[in-house]
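To start, the structure under review is shown below, and the notes come after it.
Just so you know, all these numbers are worked out from the coordinates, no wet-lab data involved. As the structure is a prediction and not an experimental result, all values here were calculated from the model. Neighbour counts run over all protein chains shown; Cβ positions are idealised from the backbone, glycine included.
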């Protein structure tokens, strides 16, 4: 025991902490997705390989050995979505960029979703943040117009040819409409949620966007972020949530810089 303590370097401690952090992040990324079952399946195959070696099951050992020899390639293919999401999160800047969203634009969005909710008109509104949404923008129709309640309502009216897709708001403007968003593959999502809700969750799992969903069946309004869906009860709670995300972070950032200059 004493020899171990003597041989233990600070680099070893740092190495352990980094590896533990990486594994924690990986678990956080795949938690609640179908990738969990895939990890369990690979674990069963690895356990079967060692069991076959112990019991000297030659045929089974050969099959598993052949399969596991390409394990690295298999992991890349099976977990490509999770790997892409992890690399995207690693590549995000620690300094949040300005989203261009002002309080006036947020008020237009809030008024729109409650107007649509009262009239049982479904809607899917995506607000871009730091991570670009170019892949999803290209699937829609370019609007590039000033964000107004009237324009948003006209897009989601049932007679509109663009009402089924999602509206993407970028830098305080309506960028595209009718955009096709990826559906979540999470098997634990409530079965009562329709395509709009699944698309909102799917996009929030891959990006840092904030998505608002209006259900035409229940009239419920939901705020979706980072794969989690939160029910919105009234305009005040939605205003506070959006202000905390888009306005509050800026105010905190500005005040911190002001305090730094004052202390200097």
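How would you classify region 122-203 from its alpha-carbon gyration tensor, with a ≥ b ≥ c the square roots of the eigenvalues: rounded for a/c under 1.5, else prolate if a/b is greater than b/c, otherwise oblate? Intermediate values should be presented prior to the final figure.
Values: a/c = 2.13, a/b = 1.39, b/c = 1.53.
Cα axes put region 122-203 in the oblate bin.
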Review point. Between residue 102 and residue 243, 0.36 nm times their residue separation minus their Cα-Cα distance comes to what?
Key: 49.8 nm
Practice item. Go through 39-47, 205-213, 15-23 and give me the packing order, highest mean Cβ count within 10 Å leading. Key: 205-213, 39-47, 15-23
Review point. How many percent of all Cα-Cα pairs in region 180-236 sit more than 13 Å apart?
Key: 55
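Under 1.5 on a/c is rounded, so check that first for region 103-253, then, if it is not, pick prolate when a/b is larger than b/c and oblate when it is not; a ≥ b ≥ c are the square roots of the alpha carbon gyration tensor eigenvalues.
Taking the square roots of the gyration eigenvalues as a ≥ b ≥ c, region 103-253 is rounded.
Which FRET efficiency value, to the nearest 0.05, do you get for residue 44 and residue 186 by plugging their Cβ-Cβ distance into 1/(1 + (r/R0)^6) with R0 = 30 Å? Before the final figure, lay out each step's value.
Numbers: r = 22 Å, r/R0 = 0.72.
Once rounded, the FRET efficiency stands at 0.85.
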Point to revise | Label point distance in nm, residue 21-residue 57, each placed 7 Å from Cα along Cα→Cβ | key: 4.2
